[in-house]
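Novice: Okay, handing you the structure first.
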Amino acid sequence: MDIKTKNQLPKLARNNNLIKEFVLCDGVGSSGKGMLSHIISSFKRVEIQRNDYVFDYIPKVFALNKITEDAAISIIKMEADSFLYNNMISRGINFRPTDSSSVFTNGGRLKYFNRLTLKEGEEAVKRIKKEKPIFSNAPHEALGNCNLFFKAFGTKIKFIYVLRNPVEIIYDWIIRGFGKRIGKDPREFQLSFNYKKLPVPIFAQKFYKEYSKLNETDRNIRMIDFLHRNNLSSYSKLSPKFKKNVKIILFDDLVTKSNKVITILESFLKTKKTNE
């Protein structure tokens, strides 16, 4: 055995998971996943909407071979457990009144105020086991890297993917300036790399030379086209076992046939809506 092999760490692992049910409200940016997150946050057992960037970044960095699979899986499992534990004692909960991830804009707000006075530690773990919370998060384009999530959580994790007319998304991205902001605006939190001193978002890695020559509108069209195809391609390659844990919802149905969609989501998440 050489020195390199001797110093090599065994694979990282996390086996003692707190999370038993995990739902990702997913979609291309501006597809309506925030709206969806607010709706299901009012369901019984579903936790408040969260937008934790670790579920955006780690799968994307892994897809670029910048991190090993065992490290990526261990990190997202550990972070998910940490976020759920903190939820149960209202540590790090958003109390800004107008934020989309605030207790004031999500369902079940009173329980987060009540949790401020509850005991932490083992008592919080006991509450998790008793209440069986469904941890909720709203990443971006997670379906494109869904294999990593299923390797980490198995059938504990479910995806609700909002599919919206890409023309509407393109229009919103143009209004929000994504064709020029990524990599330049310090308030735009997308991973990027440089090509000839031009910041390029990582999801343009397969067409970065083309991206550098496009105008802002065409960049948005090209990026959204890639993301849609990549997400649905990853879904199509899933085994039947995991395909059952992905529910694709049309945005138009979400906003025009809301009661019908809510019934579908109740069945999918195995919980019930509330008066909220």
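The values are calculated or read from the model by the stated rules, or taken from the named source; none is laboratory data. What you are looking at is a predicted structure, and each value in this text was computed from that prediction instead of being measured. Positions of Cβ are backbone-derived with ideal geometry, glycine not excepted, and every protein chain shown enters the neighbour counts. With ligands, DNA and RNA removed, areas are computed over all heavy atoms of the protein, side chains included. Shrake-Rupley method; radii C 1.70, N 1.55, O 1.52, S 1.80 Å.
Novice: Could you tell me how many cubic angstrom of Cα convex hull volume region 1-76 has per residue?
Specialist: Spelled out: Cα convex hull of region 1-76, divided by residues, is 107 Å³.
Novice: Something else about it: Ignoring ligands, DNA and RNA, what percent of the accessible area of region 56-200 is carbon or sulfur (1.4 Å)? Each step should come with its number before you reach the end.
Specialist: Numbers: 4070 of 7400 Å².
About 55 percent, which is the carbon plus sulfur part of the accessible surface.
Novice: Where in region 171-206 are there chymotrypsin sites (Phe, Trp or Tyr not before Pro) that are in a DSSP coil and have at most 15 other Cβ atoms within 10 angstrom of their Cβ? It would help to have the intermediate numbers written out before the result.
Specialist: Working: sites: 171, 173, 178, 189, 193, 195, 203; in loops: 189.
Passing both the DSSP loop test and the Cβ count: 189.
Novice: At 1.4 Å probe radius, can you tell me the per residue accessible area of region 175-276 in Å²?
Specialist: Accessible surface, normalised per residue, equals 63 Å².
Novice: Also, I was wondering about something else. Compute the orientation-averaged projected area for the chain from the convex hull of its Cα atoms and round it to one decimal in nm².
Specialist: The directionally averaged projection comes out at 17.7 nm².
Novice: Normalised radius of gyration for region 131-276, please: alpha carbon Rg relative to 2.2 N^0.38 Å, two decimal places.
Specialist: Details: Rg = 17.7 Å, N = 146, 2.2 N^0.38 = 14.6 Å.
For region 131-276, the normalised Cα radius of gyration is 1.21.
Novice: Net charge near residue 203: determine it from the other residues with C-beta under 12 Å of the C-beta of residue 203, scoring Lys and Arg +1 and Asp and Glu -1.
Specialist: In short, +2.
Novice: A further question on this structure: Give me the Kirkwood hydrodynamic radius of region 72-138 in Å, from all C-alpha pairs, to one decimal place?
Specialist: On the way: mean 1/r = 0.0784 Å⁻¹.
Computed over region 72-138, the radius equals 12.8 Å.
Novice: Let me ask another. Please list 116, 110, 9 from largest to smallest accessible area, probe radius 1.4 Å, with all protein chains kept in place.
Specialist: 9, 110, 116
Novice: What does the convex hull of the Cα atoms of region 92-204 come to per residue, in Å³, rounded to a whole number?
Specialist: Values: hull volume 20.8 nm³, N = 113.
Value for region 92-204: 184 Å³ per residue.
Novice: Mind jotting down a quarter of the surface of the convex hull over the alpha carbons of region 1-159, in square nanometres, one decimal?
Specialist: Computed as one quarter of the Cα hull surface, the answer is 10.8 nm².
Novice: Which order do you get for 61, 28, 255 if you rank them by accessible area with a 1.4 Å probe, largest at the top?
Specialist: 255, 61, 28
Novice: Compare 228, 38 by solvent-accessible area with a 1.4 Å probe and give them largest first, with all protein chains kept in place.
Specialist: Largest to smallest exposure gives the sequence 38, 228.
Novice: In square nanometres and to one decimal, what's the mean projected area of the convex hull around the Cα atoms of region 202-276?
Specialist: That works out to 7.6 nm².
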